[in-house]
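Reading through the structure tokens given below for one structure.
The values are calculated or read from the model by the stated rules, or taken from the named source; none is laboratory data. Small disclaimer: the values here were computed from a predicted structure and weren't measured. In this analysis, Cβ positions are derived from the backbone assuming ideal geometry, glycine residues included, and neighbour counts consider all displayed protein chains. Heads up: the accessible areas ignore ligands, DNA and RNA and are worked out on the full protein's heavy atoms, side chains in. Shrake-Rupley method; radii C 1.70, N 1.55, O 1.52, S 1.80 Å.
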Amino acid sequence: MNSSSSSTAANSSSTSIQPSGLGMSIFTMTFGAISNLTALAILAKSRVRFRRQSKTPFLILTVALLFADLVVVAHRMHNAASVSASLGSLGLLRFFGVSWSWSLAAGLGVYLGTKSWKYFYIAAHTARRDLNGLYVLVRVKLALWSYMKNGSNILDVFAETVKRHPNKPALIYEATGETWTFTQLDELSNAVAHWAQDQGWLSGDVVALFMESRPLQVALWLGFAKVGVEAALINFNLRQDSLMHCLEASGCRAIVFGAELADAIQDVSAALNPSMVRFCSGELSAAQLTGLKAQPLEPLLLCAARHPPSPCHPPKGMNDRLFYIYTSGTTGLPKAAIVVHSRYYRIAAFGYFAFCMRPDDIIYDCLPLYHSAGNIVGVGQCLINGLTVVVKRKFSASRFWDDCIKYNCTIIQYIGEICRYLLSQPEQLSEKRHKVRLAVGNGLRPSVWEAFTQRFAVKQIGEFYGATECNCSIANMDGKVGACGFNSRILPFVYPIRLVKIDEDTMELVRDSRGLCVPCQPGEPGLLVGHINQKDPLRRFDGYANPEATKKKIAHNVFKKNDTAYLSGDVLVMDDFGYMYFRDRGGDTFRWRGENVSTTEVEGILSNLLNQTDVAVYGVVVPGVEGKAGMAAIADTTGSFDPNSFLQKVQQALPSYSRPVFLRISPQVDTTGTFKIQKTRLQREGYDPHHSTDQVYFLNSRAARYDIIDEELYNAIIEGNVSL
């Protein structure tokens with residue numbers, strides 16, 4: 001998507017967003033928010049007392065605070081109608097026994113602007129949530145400012161954790177049962193640091209880590225960071241060209257790989273830069289090591305010193321690079337996202353406070369450690385907050401609840417389709433004998449949400465939205481089913497993220513007559529964007545190792561002239577209360593028969609119809625036909641798919657424009673290493689039967705059946721001789 005491109009809004013008078021609160025101090029934001037929310041809470045809870053004491057100084061003060069704050073907020077949003085509308089909320093004072101003069105003023109306010117009642121209604125329903133969100137935001141921001149002022153980084157935060165819990169289990173490796181205390185983890189990372197220095201690696205050098213999840217992976221990047229070396233965390237599912245792309249994108253000087261991935265290294269060995277040093281963790285024969293031109297890692301670490309290394313020069317602060325995490329590659333080749341120390345702290349701390357984690361919690365981390373969910377949201381709770389984390393080598397649906405019971409886990413992590421995979425398992429006694437109270441992650445479909453909590457007796461879902469590199473993360477802090485987070489409707493300037501209108505066919509930003517982006521109203525789908533401020537650790541965008549990839553994610557003149565904003569690439573929808581719901585990854589939504597089709601929504605419905613089967617939905621071009629026709633790739637592991645039975649269910653569950661015109665039946669549907677549906681190859685191959693041995697079907701609407709596409713039918717579709 002070209003971030004600088006735009007199209008003109010149909011309504012040029014649309015009001016643009018003006019995040020004037022960005023320049024406010026943290027004290028001003030906090031005071032304004034608390035005064036507003038406190039006034040609302042007091043008015044809502046003290047109805048009887050205010051009837052009897054309508055002229056008490058406390059009431060007058062409360063009303064003054066509420067009125068002044070509403071006017072200030074309205075003024076900052078440059079919305080004159082909101083100023084008059086805010087007067088309308090004072091009409092409630094007559095109910096509390098306030099004088100007629102106040103009621104007349106309120107009536108005038110309602111006459112001039114009718115938004116007040118809706119504003120008060122929304123505020124009454126969201127005040128507690130918003131105040132809790134503000135508390136989390138302020139707490140994380142103040143902590144970051146303190147660390148930045150002191151010149152600290154993640155390593156200093158970890159050192160504090162080690163001092164608090166020297167002998168507490170930090171990481172438990174499920175594959176072997178091995179437990180590492182915080183002291184042991186610290187000492188092993190020291191050994192890694194000394195070994196890195198012995199290799200001659202300097203601050204700013206990059207070393208790739210390519211291995212299945214294990215505690216050693218944490219010790220490696222942590223040890224590298226102690227001497228300023230930056231790890232590139234490579235997806236262990238990658239092979240050949242994709243693997244080479246990631247290694248080259250980071251510019252790494254060396255690679256540490258797991259013995260279990262020796263074959264993958266062998267496949268690219270000839271293409272690797274001869275100067276790239278190779279180390280193997282795990283057991284391989286001498287002949288294998290020689291063939292791979294690799295050295296065994298463990299003996300080198302065993303001989304390394306365990307005392308703290310000399311610090312790197314110049315020292316790294318919170319805004320310096322820690323390591324690289326690659327994007328999942330759902331829309332192309334992975335990009336190396338830059339993770340600075342402040343970003344690591346921010347992501348982990350928001351998860352801890354937003355979902356009320358506790359120091360005695362034990363986290364079951366079955367997610368890959370090359371991903372931010374596993375390595376930051378999960379392991380970050382260990383390094384920063386002192387929680388014990390159980391590291392699972394690879395996700396296993398059949399062993400999931402048994403592992404949780406074995407290690408007394410109280411928190412589990414999920415991502416993508418994991419919860420659906422668990423629901424598809426046969427019922428077992430262990431699934432309700434666990435101690436899990438919280439499931440944290442993202443990508444939980446609304447259609448799966450309640451079924452998951454009810455079946456597995458998990459009390460709290462901590463759903464969030466965010467990418468490794470984004471500055472517009474949101475969290476569902478109060479368990480609203482289906483929502484991935486929220487932004488306050490009464491204090492929107494505190495956290496400057498917005499949904500803005502786009503052309504869903506081209507993904508271009510829609511702009512008004514002044515060239516600014518057009519904000520979405522509740523119920524309107526829009527692109528999530530976040531205002532960029534490189535001086536604010538919560539608002540900065542560090543981008544990718546590739547500067548060109550970074551530029552593509554930045555738009556200009558979004559909130560106001562000459563500003564910049566991060567483009568998430570994802571389409572969300574916000575309701576009247578500010579809850580946000582994921583709709584589609586940018587470019588996935590397509591238009592058919594004059595209607596927009598949400599692939600995410602259709603995937604969820606079809607998966608439910610097929611007993612939680614993997615389904616990928618996408619749009620394909622049909623020559624001579626406007627829009628894109630829907631196509632669904634369905635995993636059929638048993639060969640029992642019945643297209644006629646499927647069509648009967650689809651006709652009852654979906655409107656005509658959302659029903660798949662084409663079907664592709666495969667033994668499995670491509671997924672990324674983080675359990676997200678991969679559609680790139682499927683979209684490219686379309687419904688051409690020559691591209692694979694999979695059965696491809698066409699919806700014969702006149703005969704009300706799905707027909708297998710052979711060469712004759714394919715040619716007829718391409719030539720426009722078949723009615724769609």
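Mind checking which helices (runs of 4 or more DSSP H) fall wholly inside the range 126-228 and carry at least 3 residues that are under 30 Å from ASN533 (Cβ atoms)?
Ranges flagged: 154-164, 215-226.
Yes/no per residue for (1) at pLDDT below 90; (2) more than 17 Å from ALA208 (Cα to Cα); (3) assigned to a loop (DSSP other than H, G, I, E, B):
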site	(1), (2), (3)
HIS307	no, yes, yes
SER310	no, yes, yes
LYS316	no, yes, yes
ASN319	no, yes, yes
TYR324	no, no, no
GLY332	yes, yes, yes
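May I ask you to list the residues in the range 250-262 that are more than 23 Å from the chain's Cα centre (by Cα) and at negative phi?
Our first condition is that a residue be more than 23 Å from the chain's Cα centre (by Cα); within the range 250-262, this holds for 251-262.
Matches in the range 250-262: CYS252, ARG253, ALA254, ILE255, VAL256, PHE257, GLY258, ALA259, GLU260, LEU261, ALA262.
Report, ordered by the first and then the second residue, all pairs with beta carbons closer than 9 Å, sequence separation of six or more or different chains, a first member in the range 258-282 that is acidic (Asp, Glu), and a second member that is part of a helix (DSSP H, G or I) and buried (at least 17 other Cβ atoms within 10 Å of the Cβ).
Within 9 Å, the pairs are ASP267/LEU243.
How many residues, within the range 206-218, are within 17 Å of LYS392 (Cβ to Cβ) and either of a type in the set (Phe, Trp, Tyr) or open to solvent by less than 10 Å² (accessible area, probe 1.4 Å) (or both)?
If we filter the range 206-218 for residues that are within 17 Å of LYS392 (Cβ to Cβ), which is where we start, we get 211-218.
Narrowing further to those that are either of a type in the set (Phe, Trp, Tyr) or open to solvent by less than 10 Å² (accessible area, probe 1.4 Å) (or both): 211, 213, 215, 217-218.
Count: 5.
Mind checking which helices (runs of 4 or more DSSP H) fall wholly inside the range 364-451 and carry at least 1 residues that are in contact with a helix residue (DSSP H, G or I) (Cβ under 9 Å, 6 or more places away or on another chain) and under 30 Å from LEU247 (Cβ atoms)? I'd like the intermediate steps shown before the answer.
Working: elements: 379-385, 400-406, 418-423.
Result: 379-385, 418-423.
Would it be correct to say that CYS303 is of a type outside the set (S, T, N, Q), at negative phi and open to solvent by less than 40 Å² (accessible area, probe 1.4 Å)? If you could, list the steps in order and put the result at the bottom.
Details: of a type outside the set (S, T, N, Q): yes; at negative phi: yes; open to solvent by less than 40 Å² (accessible area, probe 1.4 Å): no.
Judged against the criteria, CYS303 is not a match.
Pairs needed: first member in the range 609-622, within 14 Å of LEU423 (Cβ to Cβ) and of a type in the set (S, T, N, Q); second member anywhere, open to solvent by less than 10 Å² (accessible area, probe 1.4 Å) and in a strand (DSSP E or B); C-beta distance under 9 Å; at least 6 residues apart or different chains.
As it stands, the answer is THR613/ILE634, since those pairs meet every condition given.
Is it the case that some residue within the range 286-295 is touching a residue at least 60 places away in the same chain (Cβ under 8 Å) and open to solvent by 40 Å² or more (accessible area, probe 1.4 Å)? Explain how you work it out, then say what you get.
From the range 286-295, those touching a residue at least 60 places away in the same chain (Cβ under 8 Å) are none; that's our starting set.
The answer is no, given that none of the residues of the range 286-295 is touching a residue at least 60 places away in the same chain (Cβ under 8 Å) and open to solvent by 40 Å² or more (accessible area, probe 1.4 Å).
State the number of residues belonging to the range 623-634 that are free of Cβ contacts under 8 Å to residues at least 40 places away in the same chain and within 15 Å of ARG681 (Cα to Cα).
Result for the range 623-634: 2.
Taking the condition at pLDDT 95 or above, closer than 29 Å to ASP575 by Cβ, touching a Gly at 6+ places or on another chain (Cβ under 7 Å) and surrounded by 16 or more Cβ atoms within 10 Å (Cβ to Cβ), does PHE493 pass?
The answer is no for PHE493.
Return the pair list, or none, for Cβ contacts closer than 9 Å from residues in the range 139-160 that are closer than 12 Å to LYS316 by Cβ to residues that are of a type in the set (Asp, Glu) and outside any helix (DSSP H, G or I), at least 6 apart or on different chains.
ASN153/ASP320
Just wondering, is there one or more residues in the range 226-233 that are modelled with pLDDT of 95 or more, in contact with a helix residue (DSSP H, G or I) (Cβ under 6 Å, 6 or more places away or on another chain) and more than 18 Å from ASN190 (Cα to Cα)? Before you say what the answer is, go through the steps one by one.
Residues of the range 226-233 modelled with pLDDT of 95 or more: 226-233.
This time we only want the ones that are in contact with a helix residue (DSSP H, G or I) (Cβ under 6 Å, 6 or more places away or on another chain), so: 226-227, 229, 231-232.
Among the residues that remain, those that are also more than 18 Å from ASN190 (Cα to Cα) are: 232.
Looking for residues that are modelled with pLDDT of 95 or more, in contact with a helix residue (DSSP H, G or I) (Cβ under 6 Å, 6 or more places away or on another chain) and more than 18 Å from ASN190 (Cα to Cα), one finds at least one in the range 226-233, hence yes.
With within 37 Å of the chain's Cα centre (by Cα), closer than 26 Å to GLY639 by Cβ, outside any strand (DSSP E or B) and free of Cβ contacts under 8 Å to residues at least 60 places away in the same chain as the only criterion, which of ARG684, ARG664 stands out?
That would be ARG684, the only listed residue that is within 37 Å of the chain's Cα centre (by Cα), closer than 26 Å to GLY639 by Cβ, outside any strand (DSSP E or B) and free of Cβ contacts under 8 Å to residues at least 60 places away in the same chain.
Looking only at the range 135-158, count how many residues are surrounded by fewer than 17 Cβ atoms within 10 Å (Cβ to Cβ) and under 19 Å from PHE182 (Cα atoms).
Number of matching residues: 1.
Name the single residue, out of those in the range 239-259 being aliphatic (A, V, I, L, M) and under 18 Å from LEU220 (Cβ atoms), that is surrounded by the most Cβ atoms within 10 Å (Cβ to Cβ).
Among those that are aliphatic (A, V, I, L, M) and under 18 Å from LEU220 (Cβ atoms), it is VAL256.
Taking only the range 318-333 into account, find how many residues are out of contact with any Leu (no Cβ under 8 Å at 6 or more places or on another chain) and either under 22 Å from GLY569 (Cα atoms) or open to solvent by less than 20 Å² (accessible area, probe 1.4 Å) (or both).
Residues meeting the conditions: 8.
Looking for whichever is acidic (Asp, Glu), under 24 Å from GLU711 (Cβ atoms) and surrounded by 14 or more Cβ atoms within 10 Å (Cβ to Cβ) here; the options are ASP670, ASP614, ASP688. Which one fits?
None of the other options fit; the residue is ASP688.
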